[in-house]
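The values are calculated or read from the model by the stated rules, or taken from the named source; none is laboratory data. Quick caveat: nothing in here was measured; it's all calculated off a predicted structure. Cβ coordinates were reconstructed from backbone atoms using ideal geometry, including for glycine residues, and neighbour counts include every protein chain displayed.
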Amino acid sequence: MSDHSDWHILVIDDEKDILDVMSLTLKDYGYQVSTALDGVSGLEQCRKKLPQIVITDIRMPGMNGIQVLEAVKKLSANIEVIVCTAFAEMELAIQALQLDASDLITKPIGDQALQLSIGRAKQRYISRKKLQDYAKFLEKQAADQAQILHQDKMMSLGRLAASVVHEINNPLSGILNYIRLMSRILQKGPLKGDTPEKFKQYLELVETEIERCSQIVSNLLAFSRKSSPSFAPVHIHKLMDRCISLSRHKLELQNINLTSHIQQDLPSVEGDFNQLQQCVINLIFNAMDAMPNGGEININGSVDSEKPWLVIAVEDTGTGISEEDLPDIFEPFYTTKKEGYGVGLGLSTVYGIMEQHNGSVEVQSRSGVGTTFLLKLPI
Ligand SMILES: Nc1ncnc2c1ncn2[C@@H]1O[C@H](COP(=O)(O)OP(=O)(O)OP(=O)(O)O)[C@@H](O)[C@H]1O
Ligand SMILES: [Mg+2]
């Protein structure tokens, strides 16, 4: 006989004899059993002992079985309630089932009917629990993923900000020089000869430099904005221009040459611009990290000739990934980098974002030769 000792059944019936017989039978099967002679004390037991299953008679003085059923379900919707009735009363049966009774059995209750009914109640109880656990698991996973996405973005942002500071510094010192020059000239008196013309040129230079700074800053701001994903047509040329312009300065600092071949008239894809940008930037950063002494990054954008996929390839001439590491690189927090250099969130973020876009990410790598990551997006 299977072990039922984890199951607690509460039986409520106003007839003492029936209660005793049921109790004995159920205990015999190995269940934990409590009993009550009326609805009110039954509910009290229910509150105290939280049984998984309640078997209640319908016709009882005071609280009837339907009322007990309703109260038990209010106490905990997870408790399965089997309702027993002496006659098959259609109206009561319907009422009971509407109130989510697990089953309805008629008296006198045969052993087999009882076992069958309890078996079904247990099944329902277990399935419901499983479903609840699964829902909780999904909720937690969604929360974890959102958390990882945000964390990764903040990391990328930190690295971008550091390089952007350099990039803004140059035009700023240019602007400062022109302004100093102009005020020195002004101090010498009214403008003569071709100086007004020169001033005009200086001011134009100042203007373009300021525009460049503000462009850099607004790109960075757009990337950092904590926005909920919103899907819209994404133009790959615009996406790539943005990614390349955000990483350009860092590439120069590390002596890396970036070339890009984006097929003309590529169709746009449905996606979240900001998230896709995060993917490409993560891949570019990884490629840069794999080439500490400089190298080449080549970015390709094309349409797969067989499937309606848009493929973005980021290829580098870096260290490559060993066969040992390859199966793990998409795991969150998997990193081969020194502490402080990598957290291991980049690729797991790329993976998550690609999944949300019904796309995929693939990798080809050879140790010592280089690595290519492919982002595939449905058109
Ligand atoms: N282009 C690449 N060349 C060589 N190895 C790579 C490349 N891209 C990823 N890897 C390997 O995959 C690992 C995981 O990459 P991932 O981007 O997830 O994390 P990370 O770069 O280490 O840290 P983070 O991106 O959070 O700063 C890296 O530590 C590295 O070993
Ligand atoms: Mg990375």
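Here are a few things to note about the model shown:
- Qualifying residue in the range 363-371 (condition: surrounded by fewer than 19 Cβ atoms within 10 Å (Cβ to Cβ), among the polar types (S, T, N, Q) and more than 16 Å from ligand 2 (Cβ to nearest atom)): yes
- Cross-chain or 6+ apart pairs with Cβ under 7 Å, the range 325-336 first and assigned by TED's automatic domain parsing to the domain that holds residue 363 and in contact (Cβ under 8 Å) with a residue 40 or more places away in the chain, then away from ligand 2 (no atom under 11 Å from the Cβ) and part of a helix (DSSP H, G or I): 332/148
- The range 241-257 - residue that is within 16 Å of ligand 1 (Cβ to nearest atom) and closer than 20 Å to residue 165 by Cβ and, of those, surrounded by the fewest Cβ atoms within 10 Å (Cβ to Cβ): 254
- Some residue of the range 304-321 being hydroxyl-bearing (Ser, Thr, Tyr) and modelled with pLDDT of 95 or more: yes
- Extreme residue, nearest to the chain's Cα centre (by Cα), among residues of the range 8-21 that are under 16 Å from residue 80 (Cβ atoms) and either buried (at least 20 other Cβ atoms within 10 Å of the Cβ) or at pLDDT below 95 (or both): 9
- For residue 325, the criteria (1) surrounded by 15 or more Cβ atoms within 10 Å (Cβ to Cβ); (2) more than 20 Å from residue 154 (Cα to Cα); (3) within 7 Å of ligand 1 (Cβ to nearest atom) hold in every case but one, which is (1).
- Members of the range 168-214 that are surrounded by fewer than 10 Cβ atoms within 10 Å (Cβ to Cβ) and of a type in the set (A, V, I, L, M): none
- In the range 300-314 there is no residue that is in contact with a helix residue (DSSP H, G or I) (Cβ under 8 Å, 6 or more places away or on another chain), of a type outside the set (A, V, I, L, M) and within 13 Å of ligand 2 (Cβ to nearest atom).
- Residue list for the range 292-319, filter: closer than 17 Å to residue 282 by Cα and not polar (S, T, N, Q): 292, 296, 297, 299, 301, 311, 312, 313, 314, 315, 316, 318
- Applying the condition of being assigned to a helix (DSSP H, G or I) and near ligand 1 (Cβ under 7 Å from one of its atoms) to the range 337-358 and asking which residue is nearest to residue 143 (Cα to Cα) yields 348.
- Scanning the range 225-268 for residues that are at pLDDT below 90, of a type outside the set (A, V, I, L, M, F, W, C) and not in a loop (DSSP other than H, G, I, E, B) yields 242, 245, 247, 248, 249, 250, 252.
- One residue stands out in the range 5-57 among those that are in contact with a helix residue (DSSP H, G or I) (Cβ under 6 Å, 6 or more places away or on another chain) and part of a loop (DSSP other than H, G, I, E, B): the one that is farthest from residue 79 (Cα to Cα), namely 13.
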